[in-house]
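**Q** Could you have a look at this structure, given as structure tokens, before my questions?
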Amino acid sequence: METVEQLRDRLLARFPAAKIELVTNPSAAAEHSLLIDAAHGRDIALFLRDDPTLRLDYCSNVTGIDWPDKEITDITKTTVADPAGASGATKVVEQKTTRIQPGYLEAVYHLYSMALKHGPVILRLRTANRSDAVTLPSFTPVWRSCDFQEREIYDLYGIIFECHPDLRRLLMWYEFKDHPMRKDYVEPDDYEWEPTAHGAILEKAKANRLTSAPIAGDAATPGPGSAPPATKSSNTEAKP
Amino acid sequence: MSTPPLSSLNPQLSTGSVPFPFAAALPGPSVRAVHDQFHGDLLEVSMGPQHPSTHGVFRMVATLDGEQIVKLKPVFGYLHRNHEKIAENTTYLGSMPYTDRLDYLCSMSTNWAYALTVEKLAGITVPDRAQYLRIIMAELTRLVNHACLVGFLFNDLGTSFTPLLYAFREREKIIDLFEALSGSRMMCNYQRFGGCRVDPTPEWLETARVLVENFPRFLDEYERMLTGNEIMLARTQGIGRVTPAQAVNAGLTGPVLRACGVDYDLRKVDGYGYYPRFEFRVPLGDHGDTYDRYMMRILEMRESVKILTQAFRDLPAGPIMDPKAKLRGFRPKAGEAYGRLEGPKGELGFFLISDGSPNPYRYRVRPPSLINLTLLEDMCLGHTIADSVVILGSIDIVLGEVDR
Amino acid sequence: MEMSDATPTPAAYTPFPAAGNIPDADREDLRRHGVLMTSMEELYNWGRSNSIWPLQFGLACCAIEMIAAATARFDIARFGAEIFRPSPRQADLMIVSGTVTKKMAPLVVRLWNQMPEPKYCIAMGACAISGGPFKQGYNVLKGIDRFIPVDIYIPGCPPRPEALLNGLVQLQKKIKGEKLSGPDAARFTRADVPSEFPIPEYGAHDLEPTKNPAVWTPPAPPSA
Ligand code: SF4
């Protein structure tokens, strides 16, 4: 199979208007991927599927990734002469500037060819941001195997796949409002105190105990489950 | 973006029940067309999540015309245990026990898939003996899984438990071996990045070898009882057919794919581990129906026995861990890797993204059980509701992996 | 022969002691001589404790071990509990075998409500008890006892089939000791103790409510 660079050049020749970038993978796996733009996503996908030398007829895996806004601190160091220095020493002055690199959601497709038994070709698509412009073209019309996986990403990350034939939540219930796999998701706090070695959980439980005064009040008037029999009967009598 | 007619993009998308805005664009009967032909009412049946034949907490909502299925929608998530989110907050090694609980019938191969991916991510090599041990464990797991699956499938056919008892008899023998080796019957937690956790004793290997030697006897017994059974033939042949083009497009993998005649076995294609050193054949089906899917399992078990016999014969001595592999304080370089192997249910993949910290930035499981269900509706359309449980049984799902 | 002498003076009537009042040793003695003496309560509890019909209801990994307990090697039939019923209306025992997710919890409670009294609940495995290894999950219920009362907890991940059998034997012991009347009568005989519990609803972020305070209150944290 041709290398990713060759493939990128061929795609660029075929779709001159498309933006296609090579994303290198520095790990030992060294499987590089192609970042394609959403507008040409489906055309490129169709081309990859039907091109006779590639025939990527099998989309194995679709992954959603959340890249939140990142605060990047640039430190510029300048060396100035230290006025208080005794022997003309210099002082390093650090200047910090922070900028926010906007976050985005990403969908990664791993394509293989069952006919020619090669692969993977990895495609990445990125949304414009994480809040309102979260649409990407759905590849379900091209590979049906994306069906449930794109639904799952919609559910857990909130990417909206345009032209998906049945875009509903897959794993959480339909009334659910959040996208729990996002990095900034705060899960409902329902930890009780427990003896555990996990520091994070203990912290959570402690915080929970501090903020949830009403629960302590609940515990003061226990329900029939935990109360001694006398209290229980009086409790139930009070209820008509 | 304009909406192209979907059928022009993918002829495999023409399922009977694509919802309204797209239905008009599709060839073949759509649900609305079916509605118009009806004089009576359609009946919607919700099967599961508590149902004896849905293999766990799986739910399907079937729309019936009389007894025939005209629409079937699976509903997932009743066992969504947030494996991926938990793994993002745990170290790489800390996720290993969780992979046991993904596909709880085949913890050994799931372990391997994860170890394989981390090794790919960090460039760890695995010594010879460990490679052989991994193959032994994976193939024993395949025996357990397929034997149990056939038992469950016959349960769905209405044999009330008997074949399952035979299957569990063999399973107990194998998981006794796993327990002797790893300390746990089901949740073995055996593979490590760069090798395996425990070296089996010579007695263990001998017991396992004898078990494998006798396994074909069990298969013969099993087949004598099941394969030619008249009810079984009547209820599985020609039921739930899938064409090869459909199967490839829907990403089916494993025995379900090969039952359609598509030759795609990762043990041959990727040649991961030491599989290229082994001689075995990949059984292929013809019709892609439930019966072929059943036969695939039986034939694959026979091939697994061959692989195991060779593995016991050739098992080299030596270390079982790469001395350079680090278990504690393991931090792979930033980057990503997708590793996959041929699990008993299909292509089991892991996709890991590392940002250089001790926890993976993104940890994704490619669950074969979930993706093999893509075609469940197409397989069931036109068949009776009683067939749908048999078709589901022949796909072989484990809910821990479907919902994760 | 004097007739008058032959007429025995009737002994004062002493009511036969209730079976429950005969010391166990005496009863055991009688049983050895072929006299079976029992009480309604004992007979009733003996019968139902030895024919528990569990609900055929597997949630996750632990369910596989539950099936294993039903197969030939462990053979739950030895304890009279092999008839797994698919319908809650016919079941006495709910074995919650596996992780209860928040999406599943309302259905588990509904199944429990559909079971007729007397009914018992076994929480099998770490997940059913407290969420187990998946406790940190956003969709995992941290213990089924937040919504329904649990009789027996079987720890383990998964518990071995022997552990399940042990749990079953413990449950049988509990059933055998239950009183049918009196102040400490069993739960199911009392009208004032609910046998059905409110079913939580799917909310926008979590279940609503997240627990049933009538069944479960958070354990008190250590005072330190
Ligand atoms: S306790 Fe362990 S074995 Fe049982 S359901 Fe939970 S994770 Fe699975």
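The values are calculated or read from the model by the stated rules, or taken from the named source; none is laboratory data. Only a predicted model underlies this, so the values are computations on that prediction, with no experimental measurement involved. Backbone-built Cβ (ideal geometry, glycine too); neighbour counts: all protein chains shown.
**Q** So which of C:152, C:148 ends up being in the same structural domain as residue C:72 (by TED's automatic domain parsing), without any contact (Cβ under 8 Å) to a residue 60 or more places away in the chain and closer than 25 Å to residue C:52 by Cα? If you could, list the steps in order and put the result at the bottom.
**A** Working: C:148 fails: without any contact (Cβ under 8 Å) to a residue 60 or more places away in the chain.
C:152 is the lone residue from the list that is in the same structural domain as residue C:72 (by TED's automatic domain parsing), without any contact (Cβ under 8 Å) to a residue 60 or more places away in the chain and closer than 25 Å to residue C:52 by Cα.
**Q** Out of region B:102-113, which residues are in a helix (DSSP H, G or I) and within 16 Å of the ligand (Cβ to nearest atom)? Quick ask: steps written out before the conclusion?
**A** Kept after step one, since they are in a helix (DSSP H, G or I), are these residues of region B:102-113: B:107-113.
Across region B:102-113, the qualifying residues are B:107, B:108, B:110, B:111.
**Q** Hey, among C:151, C:145, which residue is in contact with a helix residue (DSSP H, G or I) (Cβ under 8 Å, 6 or more places away or on another chain), away from chain B (no Cβ under 14 Å) and away from the ligand (no atom under 16 Å from the Cβ)?
**A** Only one candidate qualifies: C:151.
**Q** Quick check on this structure: which one of B:15, B:54 is within 14 Å of chain C (Cβ to nearest Cβ) and modelled with pLDDT under 85? Show your work before the answer.
**A** Numbers: B:15 fails: within 14 Å of chain C (Cβ to nearest Cβ).
The match here is B:54.
**Q** So residue B:159 ticks every box in (1) surrounded by fewer than 22 Cβ atoms within 10 Å (Cβ to Cβ); (2) in contact (Cβ under 8 Å) with a residue 40 or more places away in the chain but one. Which box is left unticked?
**A** Failing condition for residue B:159: (2).
**Q** Got at least one residue in region C:104-111 being in a loop (DSSP other than H, G, I, E, B) and buried (at least 24 other Cβ atoms within 10 Å of the Cβ)? Explain how you work it out, then say what you get.
**A** Keep residues of region C:104-111 that are in a loop (DSSP other than H, G, I, E, B), which gives C:104.
The next check asks that each one be buried (at least 24 other Cβ atoms within 10 Å of the Cβ); those that pass are C:104.
Yes, the conditions are met somewhere in region C:104-111.
**Q** Where in region B:327-404 are the helices (runs of 4 or more DSSP H), entirely inside, with at least 1 residues that are within 16 Å of the ligand (Cβ to nearest atom), under 25 Å from residue B:74 (Cα atoms) and not small (Gly, Ala, Ser)? It would help to see each step written out before you state the result.
**A** Details: elements: B:368-372, B:376-380, B:385-395, B:399-403.
Qualifying helices (runs of 4 or more DSSP H): B:399-403.
**Q** While we're on this one: Look through C:71, C:101 and report the one residue that is within 16 Å of the ligand (Cβ to nearest atom) and either among the β-branched types (Val, Ile, Thr) or more than 12 Å from chain B (Cβ to nearest Cβ) (or both). Walk me through it before giving the result.
**A** Details: C:71 fails: within 16 Å of the ligand (Cβ to nearest atom).
On inspection, the qualifying residue turns out to be C:101.
**Q** Oh, and also: Among the residues of region C:152-184, which ones are of a type in the set (Asp, Glu) and modelled with pLDDT under 90?
**A** Keep residues of region C:152-184 that are of a type in the set (Asp, Glu), which gives C:162, C:178, C:184.
Within region C:152-184, C:178, C:184 qualify.
**Q** So in region B:58-99, with the set limited to residues that are within 15 Å of the ligand (Cβ to nearest atom) and in a loop (DSSP other than H, G, I, E, B), which one is modelled with the lowest pLDDT?
**A** Going through region B:58-99, the residues within 15 Å of the ligand (Cβ to nearest atom) turn out to be B:78-83, B:86-87, B:90, B:94-99.
Subset that is in a loop (DSSP other than H, G, I, E, B): B:78-82, B:90.
Numbers: B:78: 89, B:79: 89, B:80: 90, B:81: 89, B:82: 88, B:90: 85.
Per the criteria, the residue is B:90.
**Q** What pairs come up if the first residue lies in region C:111-137 and is more than 9 Å from chain B (Cβ to nearest Cβ), the second is among the hydroxyl-bearing types (Ser, Thr, Tyr) and within 16 Å of the ligand (Cβ to nearest atom), and their beta carbons are under 6 Å apart, counting only those six or more places apart or on different chains?
**A** Filtered contacts from region C:111-137: C:123/C:153; C:124/C:97; C:129/C:153.
**Q** A further question follows. Confirm whether residue B:120 is within 16 Å of residue B:339 (Cβ to Cβ) and more than 13 Å from the ligand (Cβ to nearest atom). Outline the logic, then answer.
**A** Working: within 16 Å of residue B:339 (Cβ to Cβ): yes; more than 13 Å from the ligand (Cβ to nearest atom): yes.
Yes: the conditions hold for residue B:120.
**Q** What strands (runs of 3 or more DSSP E), lying completely within region A:68-182, carry at least 1 residues that are under 22 Å from residue B:353 (Cα atoms)? Please lay out each step first, then the result.
**A** Details: elements: A:70-81, A:90-101, A:104-113, A:118-126, A:135-137, A:160-162.
Counting at least 1 such residues, we get A:70-81, A:90-101, A:104-113, A:118-126, A:135-137.
**Q** Residues of region C:69-96 being in a strand (DSSP E or B) and closer than 18 Å to residue B:160 by Cβ, which ones? So that I can check it myself, show each step before the final result.
**A** First, pick out the residues of region C:69-96 that are in a strand (DSSP E or B): C:85, C:93-96.
Answer for region C:69-96, where residues must be in a strand (DSSP E or B) and closer than 18 Å to residue B:160 by Cβ: just C:85.
**Q** Just checking, which of B:321, B:295 is in the same structural domain as residue B:255 (by TED's automatic domain parsing), more than 30 Å from residue B:252 (Cβ to Cβ) and surrounded by 17 or more Cβ atoms within 10 Å (Cβ to Cβ)? Write out each step before concluding.
**A** Details: B:295 fails: more than 30 Å from residue B:252 (Cβ to Cβ).
None of the others qualify; the one that does is B:321.
**Q** List pairs: first residue in region C:185-210 and at the interface with chain A (Cβ under 9 Å from one of its Cβ atoms), second residue of a type in the set (Ser, Thr, Tyr) anywhere in the structure, Cβ distance under 7 angstrom, at least six positions apart or on different chains.
**A** Pairs found: C:192/A:233; C:192/A:236.
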